[in-house]
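As structure tokens, the structure follows; a few thoughts come after it.
The values are calculated or read from the model by the stated rules, or taken from the named source; none is laboratory data. Being a predicted model, the structure only gives us computed values, none of them experimental. For neighbour counting, all protein chains shown are included, and Cβ atoms are generated from backbone atoms with ideal geometry for every residue, glycine included.
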Amino acid sequence: MQNENPENMEPNRERKIMNTILNTSVILMGTLMGGFSELIVNATGEMASGMTEAFSGEESGNEIRREVKQKLPEVNNQMRAMMSDMRKDIYAQMEQKQKELLPFLADPVFDEGLLKVDSYDFGIPKLSAELDDDTLAQYTYLLVSEDATFAEFFPRIN
């Protein structure tokens, strides 16, 4: 996509909107996938340890449970790599589909969203910028840690 001001590398309005949508989606997907992978690893560990306990005793079951839980960081790393690849792919698709997406972004309601997103400063690049994996991880941490200011982006629906 073409930037309005290439010297400052400031993304144009449409790019900022698409970045915000993409980044928010990746943060939410990453949070859900992280929780899902932990759930799966824990469930697998419990099933495997239960079966092992039935045949080999409690100590063997506990050992299997520990071994499976030690795999969680590896699973999380694989999930992060998958999310990184997905993020890069979506950014590339945004580039390819720019002309098709632009008419949908003409609604002035998006300007209100950008004003809100850009009004917050968390000490990291704004959600409206093209973010790398580390910055997205920092935003994910803000969400998971229930940071009160960041939570304002995700109001509760009653």
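Brief remarks on what is shown
- Residues considered: I27, I64. Of these, the only one that is assigned to a helix (DSSP H, G or I), at pLDDT 70 or above, touching a helix residue (DSSP H, G or I) at 6+ places or on another chain (Cβ under 6 Å) and more than 28 Å from S145 (Cβ to Cβ) is I64.
- A count restricted to the range 119-149 and to residues that are surrounded by 14 or more Cβ atoms within 10 Å (Cβ to Cβ), over 10 Å from N23 (Cβ atoms) and hydroxyl-bearing (S, T, Y) stands at 1.
- Contact map, the range 59-84: first residue farther than 26 Å from D132 by Cα, second residue surrounded by 14 or more Cβ atoms within 10 Å (Cβ to Cβ) and aliphatic (A, V, I, L, M), Cβ cut-off under 9 Å, separation 6 or more or different chains; pairs are G61/A48; I64/A48; R65/A48; E67/A48; V68/V41; V68/A48; K69/V41.
- Applying the set (1) in contact with a Gly (Cβ under 9 Å, 6 or more places away or on another chain); (2) surrounded by 15 or more Cβ atoms within 10 Å (Cβ to Cβ) to R66 leaves exactly one unmet item: (2).
- Any hit, the range 111-128, residues being closer than 17 Å to S25 by Cα and within 14 Å of the chain's Cα centre (by Cα): yes
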